[in-house]
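I have placed the structure first, in the form of structure tokens, so that the comments after it can refer back to it.
The values are calculated or read from the model by the stated rules, or taken from the named source; none is laboratory data. Bear in mind the structure is a predicted one, so any value in this text is a computation, not a measurement. Every residue, glycine as well, gets a Cβ built from its backbone with ideal geometry; the counts of neighbours run over all protein chains shown.
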Amino acid sequence: MKGKRDDFDSKTIEALAKRASYICSNPGCRSLTICPSDVDTKKYIYVGKAAHITSAAAKGPRHDATLTNSERRSIENGIFLCATCADMIDKNGGVDFPVDEIKQWKSQHESWARGNLNRSISSLISEDEERPIIDLCHRGISVIEVETQKLYFDIPYCSGKNANAYEVKLEAAVILHTGLGFRTLVKFADEFPDGINLSYETGKSMCFSLSPLSKQQLPNLYIGVRGAYRNRSQTTIFPVFDVFKFNTVSHLWVRTLGDEDKRARDFFSTMV
């Protein structure tokens with residue numbers, strides 16, 4: 001007997017498809033997923049799929065036991081892909097496509113779709129050949145205790161394969177959740193020098209230390225990263241706004257989801 005699944009409802013599926021413009025969100029695919037039928041004027045061919053970022057059921061690909069049922073079936077836990085890519089990301093238990101990478105696909109694709117509304121297909125094709133993708137390096141965020149009550153933060157970013165990101169401007173902030181709500185530990189500060197360009201091979205880390213702060217407070221910390229970068233021709237700006245928390249099960253820093261993500265983002269957004 002199969003375990004209970006937290007599947008998306010029809011409204012969520014439709015919203016994911018429309019927010020992606022019915023185009024696969026995998027930056028290496030970008031396939032159109034819908035077209036008219038040749039034999040029936042009332043029908044169409046559809047190969048799109050609303051895929052779960054973390055699995056809909058226990059023991060599924062990238063399962064996150066910390067999520068509630070409503071968070072698993074929320075639009076924040078979904079990404080629109082073609083059927084091929086939706087199947088691909090779940091192979092080998094999903095280990096080849098981590099949560100952070102899939103979330104970045106979604107964020108970048110929706111930003112791209114929003115920024116290119118009413119533009120011609122031909123202009124998108126020529127520009128898309130140099131579209132950069134920027135995300136955390138695969139080694140992920142590192143926060144370690146270097147002295148008593150002193151934590152060292154290392155937040156690495158690099159661009160995607162064969163697609164350099166230009167004029168990258170990123171800044172990081174840290175907040176602490178207390179019984180009275182959020183408290184600012186570090187306001188957003190520019191950690192990248194002017195005019196830096198990132199490539200898959202090099203990348204760059206944002207590094208800083210905080211004290212007094214103990215490792216026991218890690219589960220209550222949130223790291224925010226915001227900024228923007230451009231493509232090679234300097235014609236398109238790609239925004240970045242990521243929020244991370246410490247997962248006490250995996251002991252890794254992961255992107256926030258659902259209501260927790262909204263609350264943290266709202267607080268980060270109040271910072272000047």
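Does residue 80 meet the test of being under 22 Å from residue 255 (Cα atoms), part of a loop (DSSP other than H, G, I, E, B) and touching a strand residue (DSSP E or B) at 6+ places or on another chain (Cβ under 7 Å)?
no
Looking only at region 27-67, filter to residues that are loosely packed, with under 13 Cβ neighbours inside 10 Å and touching a residue at least 40 places away in the same chain (Cβ under 8 Å); which one of those is nearest to residue 104 (Cα to Cα)?
65
Filter region 88-105 for residues that are outside any helix (DSSP H, G or I) and either at pLDDT below 85 or hydrophobic (A, V, I, L, M, F, W, C) (or both) and give the result.
89, 95, 96, 97
Sort out which residues of region 235-246 are among the polar types (S, T, N, Q) and surrounded by 17 or more Cβ atoms within 10 Å (Cβ to Cβ), and write them in order of number.
The one that is among the polar types (S, T, N, Q) and surrounded by 17 or more Cβ atoms within 10 Å (Cβ to Cβ): 236.
For region 253-265, indicate whether the set of residues that are at pLDDT 90 or above, within 21 Å of residue 65 (Cα to Cα) and of a type in the set (Val, Ile, Thr) is non-empty.
Checking region 253-265: not a single residue is at pLDDT 90 or above, within 21 Å of residue 65 (Cα to Cα) and of a type in the set (Val, Ile, Thr).
Pairs needed: first member in region 112-137, surrounded by 12 or more Cβ atoms within 10 Å (Cβ to Cβ); second member anywhere, in a helix (DSSP H, G or I) and at pLDDT below 75; C-beta distance under 6 Å; at least 6 residues apart or different chains.
116/124
Across region 182-225, which residue is modelled with the lowest pLDDT among those that are of a type in the set (Ser, Thr, Tyr) and part of a strand (DSSP E or B)?
Here the answer is 205.
Inside region 69-116, can you point out the residues that are over 18 Å from residue 243 (Cβ atoms) and either assigned by TED's automatic domain parsing to the domain that holds residue 238 or of a type in the set (S, T, N, Q) (or both)?
Once the filter is applied, which keeps residues that are over 18 Å from residue 243 (Cβ atoms) and either assigned by TED's automatic domain parsing to the domain that holds residue 238 or of a type in the set (S, T, N, Q) (or both), region 69-116 yields 69, 70, 84, 92, 116.
Does residue 85 meet the test of being among the hydrophobic types (A, V, I, L, M, F, W, C) and assigned to a strand (DSSP E or B)?
So residue 85 fails the test.
The rows are residues; the columns are (1) surrounded by 13 or more Cβ atoms within 10 Å (Cβ to Cβ); (2) among the hydrophobic types (A, V, I, L, M, F, W, C).
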site: 213; (1), (2): yes, yes
site: 220; (1), (2): yes, no
site: 233; (1), (2): no, no
site: 250; (1), (2): no, no
site: 254; (1), (2): yes, yes
site: 260; (1), (2): yes, no
site: 267; (1), (2): yes, yes
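Are any of the residues in region 241-249 in a strand (DSSP E or B), of a type outside the set (Gly, Ala, Ser) and at pLDDT below 85?
no
Mind listing whichever residues of region 257-272 are in a loop (DSSP other than H, G, I, E, B) and over 14 Å from residue 173 (Cβ atoms)?
Answer for region 257-272, where residues must be in a loop (DSSP other than H, G, I, E, B) and over 14 Å from residue 173 (Cβ atoms): just 257.
With charged (D, E, K, R), at pLDDT 90 or above and not assigned by TED's automatic domain parsing to the domain that holds residue 236 as the only criterion, which of 62, 119 stands out?
The unique qualifying residue is 62.
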